[in-house]
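Read-outs: derived from the displayed coordinates by stated rules, not from any lab. Everything numeric here is computed off the predicted structure, so don't read it as measured data. Cβ atoms come from the backbone with ideal geometry, glycine included; neighbour counts cover every protein chain shown.
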Amino acid sequence: MNKMKSAVAAVGLLSIFTGAADALVPVVSNDNSLGILFSTALAAEMHPAQKLVQDASAQMIAALNANAADLKRNPAHIHDLLEDNILMHIDFEKISLLVLGKHGRTATVEQRERFTAEFKKLLINTYSDAALEFSGETITVKPVRGAKPDSAMVDTVIQRASGPIDVSYSVYLTPQKEWKIRDVLVEGVSLMQKYRGETSSIIERRGGIDALIQELVNRNRSNCAALKLPTCSPM
């Protein structure tokens, strides 16, 4: 996935605020902080998928603003902020199975577990790097569409200096009755489907899932080095 789409997805995951699209009230934020749009809609009126992204994002925005000075000194601290505020709302196991596609059916339990662990690190390292570059963006979240008892799409528009970008989230109800994110679409393109194509190509060209896992390990080491981490922090 190219850096632009990674960055856009990062902002979307870290800074979405939800509610009725025609009932948004702008709130002035501190310099160098992410722009925020709060909704006047009552929480009781929100779809559970909307409430999930609003609550998680509110916590993350507060953490980013409160730790802005520390992040300048120690960028690696972004990992801890993600772990504490956002990661529990993303179903990495579901996403990993979607990315592996047909190859997941032939993988061993150990291979699936190793892939999930490394793929999670890859996403978080990528989003950490991208999130550190953002300031001043604002997000408008539209009412859910395609709502079903166990799934919904949450559409957002990220306002950037270079123009608006549409980012959507596929949210579903897990067997444990928790609403979680399972895919991100940037300008209509599913990032999970894009990753599926990349992983399938690596598996077929290099001879199996173990080669794919090693590729992820190598990428994660490189990303950790870029963030000045001796090793990847546990995810």
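Restriction of the trypsin sites (Lys or Arg not before Pro) in the range 150-225 to DSSP coil positions whose beta-carbon has at most 15 other beta-carbons within 10 angstrom yields Lys177. A Förster radius of 41 Å combined with the Cβ-Cβ distance from Lys194 to Met88 puts the calculated FRET efficiency at roughly 0.95. Each of Ala69 and Glu187 was given a label point 7 Å from its Cα along the Cα-to-Cβ line. The distance between the two points is 3.9 nm.
Extension gain for Arg160-Gln214 works out to 15.9 nm (0.36 nm per residue, less the C-alpha to C-alpha distance). One chain, two ends: Arg145 and Glu178. Fully extended at 0.36 nm per residue, the span grows by 10.0 nm beyond their Cα-Cα distance. Taken one residue at a time, the phi angles of the range 82-96 give Karplus couplings (6.51, -1.76, 1.60, θ = phi - 60°) of 5, 4, 7, 10, 10, 5, 5, 9, 10, 8, 5, 5, 5, 4, 4 Hz. Gly and Pro are set to x.
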